[in-house]
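Encoded as C-alpha cells, the structure appears first; notes follow it.
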Amino acid sequence: MGALRAARALAGLSQDELAALAGVSRQIVARIEKGESNVLVEAIEKVRVALEGQGVVFMDGAAGHGPAVAMARPDR
C-alpha cells in the first residue's frame, strides 16, 4: 500500500484529486495509503487504474528490492 502513496506523489496528485479520478472518496484513498485492511479490493483496483491512467507503472518486488513505482516514458 505504501507504493500507492509513492505513486500518487510521483503523479503529483493530492488525495482529493486521486479520489476524483478513481471515483472513490478521499477517505478511501487515505485508508489505502495507511495500509488499513478493511478496504475493498474493488476500491484499491480503482485507485490503481486511475494512477496507471496518469502514467504510473507499478513493479513487483524482487530479491534485491521491494515493490516500486515509476512514470512511463512518453511515446516519442
- Task: Could you identify the single residue in G35, G2 that is under 19 Å from A70 (Cβ atoms), open to solvent by less than 70 Å² (accessible area, probe 1.4 Å), at pLDDT below 95 and not hydroxyl-bearing (S, T, Y)?
- Result: G2
- The number of residues in the range 6-24 that are open to solvent by 50 Å² or more (accessible area, probe 1.4 Å) and either in contact with a Lys or Arg (Cβ under 7 Å, 6 or more places away or on another chain) or more than 20 Å from A70 (Cα to Cα) (or both) is 3
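The values are calculated or read from the model by the stated rules, or taken from the named source; none is laboratory data. Please read these numbers as outputs of a predicted model, since none were measured by experiment. Please note: Cβ atoms are built from the backbone with ideal geometry, for glycine as well, and neighbour counts cover all protein chains shown. When the accessible area is computed, the model is the full protein with side chains, heavy atoms only, and any ligands, DNA or RNA have been set aside. Shrake-Rupley method; radii C 1.70, N 1.55, O 1.52, S 1.80 Å.
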